[in-house]
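First comes the structure, then the notes that go with it.
None of the figures in this text is laboratory data; all of them are computed from the coordinates on show. Bear in mind the structure is a predicted one, so any value in this text is a computation, not a measurement. Here the Cβ positions follow ideal geometry from the backbone for every residue, glycine too, while neighbour counts run over all protein chains shown.
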Ligand code: GLA
């Protein structure tokens, strides 16, 4: 059984063949953490929770002033749900303000149950799994004041080395209780010799890899932008100092949430580490009159470095998170109009684009921004989701597209409003912020207050009018600014951020359910909302507005740690100086598409695009979309970047190698990983046969002149033996 309760020692063990996670109920009814690591079978954990000699214990025991357990002291013990307002100053996951103003928060065990399957969260995105694959543990805890119930849920996805945890707080009696902090996860570790790896950046620089050594005190990483943000991502890793791609212990943490998040990593004076992860508590004050469901945290532990974590997370996202009904069907080769014509088009321009896009292999044509309201410039019409008839005859365009055999997609930015819009003229209080003070514009727009049902419904019905009337196969869902002033006309200040994202989830969920065949792609000025929450609704997300392939190396490299290639929108675009083969080789390691003025392509460029398309059609589904991904060389550490993806059956392989600065004929070999050492592979580039063992131990010979940005794409296929045996 993957989850066991040993009643004598009151110990829970959550484990599979690789990993084990355990904690106990101590004599005070608190949950005390024991171990998270490699599964080493059962062991005597008493030495793990031995606190050594402690004057407080001796003193208190001697005088019998307070009963304390030999193995627990709240300043030093490892906890699962530590109390707030006591000796433990490492930071507690939950802080409640009671009606008398006190905040001492302490939850004690009441009951538990273990069952097969995985509960789905209401109103929040969450993972799913079949009963045979997942086992769950629910623990009911009640606070000392007997006013709040806390339901902690753990689920183990046995085949993936993944454990999820989430938490729901419910009022036992409604007596003016405010929740000031509700982190979904606390993990205490007995040591502090770890590195923290997080993924940070900016617009056009999303999810850059950053590694730092933990130090005494707290590292606090968060987003308070109202979305998961370009600046930080709700995914991070704690790893041994010497952990690498292929070795060492690494623990990955992801939050299934798209709003403000925070993770705190505290190293105490005792050199223990506490990790908290969940909704950012900045400006958070929740009136606990009904359940507060907190987002799910996904944890994985790898005994073989970052690569193991990546494989676990990629499989988990593909199989247990994305809900889109056609998620396992090959995605159509997408052409997007944005970088070709921006807002400057008319019916004829788009018809010409469609004709031309067809000739370079497009299967889905996406009309980006500019088709609605009076959107001829980017300062107007967000909120007016009806056709800009002076500019475009949408029916004609869609008919033409379908006649040509292409699917058709449309851009929306549903959560925004321009002051220059019909919606704003009618309802200026739909925007967040107070007109009495200031509402800062960004890209000429304000954020709609999706914490209010009526506003969500307004946008929902407007979108339905378009999606019901026209035959639309794809929607690009954009979000082009972060939240500034977060004052709502109706929602309490401390609840706005979270309720905004709940409203957004409701809007997307309703549309997903009403149009289950539409492929939704997420976007937020590129990759400003690339997270596990959005992936529940959007099976792919535009990774970044940066389409320069060299910059993209860094972005796709960082993004790949948690998120599978099939979720990363990556296009060959007109931008920057490399040729289309280089752009294509990098875009192939994502959800491949095209984005330029197709009418202006010369014959060489067309030829190059078609060459890449062929590779896409032959290898995308099995190798990129469903396969295992390896980061062979890091652009953050070397002059090179190399990606490799291999089909699950280990027969087909794509490898991209690129250098950044020019190099002469230096002696160098590129070692592959994940091949079958006993099989032979034909390297299509030189026509020669190599064994898997050779390619992994010696590698592909790259001793050659490399101009700056020389990009090589290697294709390997397993050699089938004569007689059909492989
Ligand atoms: C954002 C997106 C782009 C494009 C524009 C349109 O910046 O990231 O891809 O859709 O909006 O305004």
- prompt: For region 299-382, what is the relative contact order in percent, using Cα pairs closer than 8 Å and at least 6 residues apart in sequence?
  reply: 27 percent
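Can you give me the relative contact order of region 137-233 as a percent, contacts being Cα pairs under 8 Å and 6 or more apart? Intermediate results must be reported in sequence, preceding the final value.
On the way: 131 pairs, mean separation 16.5, N = 97.
Relative contact order of region 137-233: 17 percent.
When the convex hull of the C-alpha atoms of region 431-532 is computed, what volume per residue in Å³ does it have?
On the way: hull volume 11.6 nm³, N = 102.
Here the figure is 114 Å³ per residue.
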field: Reciprocal mean inverse distance between Cα atoms of region 332-400 - Kirkwood radius, Å
entry: 12.3 Å
In Å, descending, principal axis extents of the Cα set of region 109-169: 40, 24, 16
statement: Rounded to two decimals, the Debye log10 I(q)/I(0) of region 593-680 (Cα scatterers, no solvent) at q = 0.14 Å⁻¹ is -0.69
Estimated 222 nm signal from helices in the chain, with DSSP H stretches of n ≥ 4 weighted -39500 (n - 2.57), rounded to 500: -5500 deg cm²/dmol
Kirkwood hydrodynamic radius (C-alpha pairs) into Stokes-Einstein, region 178-270, 10 °C and 1.306 mPa s, D in µm²/s: 111 µm²/s
statement: Taking Cα pairs closer than 8 Å and at least 6 residues apart, the relative contact order of the chain in percent is 10 percent
query: Restricting attention to the alpha-carbon atoms of region 614-726, what are Rg (one decimal) and Dmax (integer), both in Å?
result: 14.2, 47
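How would 689, 413, 8 line up from fewest to most surrounding beta-carbon atoms within 10 angstrom? Intermediate results must be reported in sequence, preceding the final value.
Values: 689 12, 413 24, 8 5.
Sorted ascending by nearby Cβ count, the order is 8, 689, 413.
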field: Hydrodynamic radius (Kirkwood) for region 83-233, which is based on Cα pairs only, to one decimal in Å
entry: 18.2 Å
task: For region 317-339 and region 229-255, compute the distance between their C-alpha centroids and round to whole Å.
output: 26 Å
- prompt: Expressed as a whole number of Å, what is the distance separating the alpha-carbon centroids of region 489-522 and region 410-433?
  reply: 16 Å
field: For region 380-439, radius of gyration divided by Kirkwood radius, i.e. Rg to Rh on alpha-carbons
entry: 1.17
query: Mind listing the Cα extents of the chain along all three principal axes, in Å, largest one first?
result: 90, 70, 44
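Return the equivalent ellipsoid semi-axes of region 523-600 as a descending list in whole Å, where each equals the square root of 5 times an eigenvalue of the C-alpha gyration tensor. Write out the running numbers ahead of the final one.
Working: eigenvalues 93, 32, 21 Å².
Over the Cα atoms of region 523-600, the ellipsoid semi-axes are 22, 13, 10 Å.
Find the Rg to Rh ratio for region 373-412, where Rh is the Kirkwood radius over alpha-carbon pairs and Rg uses the same atoms. List each step's numbers first, then the result.
Working: Rg = 11.8 Å, Rh = 11.4 Å.
That ratio equals 1.04.
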